[in-house]
């Protein structure tokens, strides 16, 4: 059984980043009291998988990112090193290697990153064959005058940047789940895009109900944002996207203002959940803009969730209670280091500061569960 990761153990592991001895796992707990200090409070926030997967190493995403950031590493480089742990871990089927594939069984990955101090950003979409799309997104930021490169050309760019290209990023687990989904969907629905889309979506939701897919992984994704003691703010989002998506589908994750938005003087916000709902309102931009106008992170996030709910009017997207039948979560930090995790329904998010890494409940807008 996992034990709460105490602050002393975290500090020992941070000092020996990459050491072979594994730390105790974290469990859900209430937020530890903030460490008193002048100026911004350094912190890293992420979706819940940011404090779950270690890919065989001693630290989770948020712990590794915070440790690097505290040693003086650039904030964005620290965050990307953190999400790389999750992208490379085959046990997380929502991002990177082993991410749940599209309807054709192909893993297509999306990512974007934003660097607050330099006001630069980069992203990739529908990238195949590279386990760490977050690194390719940063290469777009570092080496081009563009913000987004997609599809086969994103892969060609990655190859030019000396990234290893693999033929297939499926694992035995991700392929097994894809085959189970295919078994449930009548292939004749390919002849009618409307019916096929509805049938595929419902088959996926049924697999969530049966526990074959983690509810938080049906839409995939990890978002990770951080601020250091200097007040430098950055963020990164990376995903394998909606499970069994139509090939070529791109959600909110690689889109600046939707899956991630950073203003170096205000804060950062990123998301997981139903990308289409978030794209419609560019919620991450909205949250940061509301913080610019004086809102606290939690209040800004809850307002974005209310707008998502108000925009959800199609019956196919409503549950028996007339509420959204999907989840959306936002992970938010402002320039002071104040943070929040908010969600449409009860969920969790990851945090790491001087008190160590932990997983804690989000603030939920609506009661119950999405599929109630």
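Remarks
- The calculated FRET efficiency for the pair residue 71 and residue 293, based on their C-beta separation and a Förster distance of 30 Å, comes to about 0.30.
- Here is the size of region 268-360 from its Cα atoms: Rg then Dmax, 13.7, 46 Å.
- Taken along the Cα-to-beta-carbon direction at a fixed 7 Å, the label points for residue 265 and residue 120 span 2.1 nm.
- Two-site FRET efficiency, residue 276 against residue 143, from Cβ-Cβ distance with R₀ of 45 Å, rounded to 0.05: 0.90
- By the beta-carbon count within 10 Å of each Cβ, the least crowded to most crowded order of 77, 128, fewest first, is 77, 128.
- Calculated FRET efficiency, residue 183 to residue 246, Cβ-Cβ distance, R0 = 22 Å: about 0.75 to the nearest 0.05.
- Counting beta carbons within 10 Å around each of 44, 140, 266, 313 and listing the fewest first gives the order 313, 266, 140, 44.
- Going from the residue with the fewest nearby Cβ atoms within 10 Å to the one with the most, 369, 135, 315 rank 315, 369, 135.
- Residue 321-residue 229 pseudo-label distance in nm [points 7 Å out on the Cα-to-Cβ vector]: 4.5 nm
- Cα gyration tensor shape for region 56-150, rounded if a/c is under 1.5, else prolate or oblate: oblate
Values quoted throughout were computed directly from the atomic coordinates according to the rules given, and no laboratory measurement underlies them. All values derive from a computational prediction rather than experimental measurement. Counting neighbours? That spans all protein chains shown, and the Cβs are built from the backbone with ideal geometry, glycine included.
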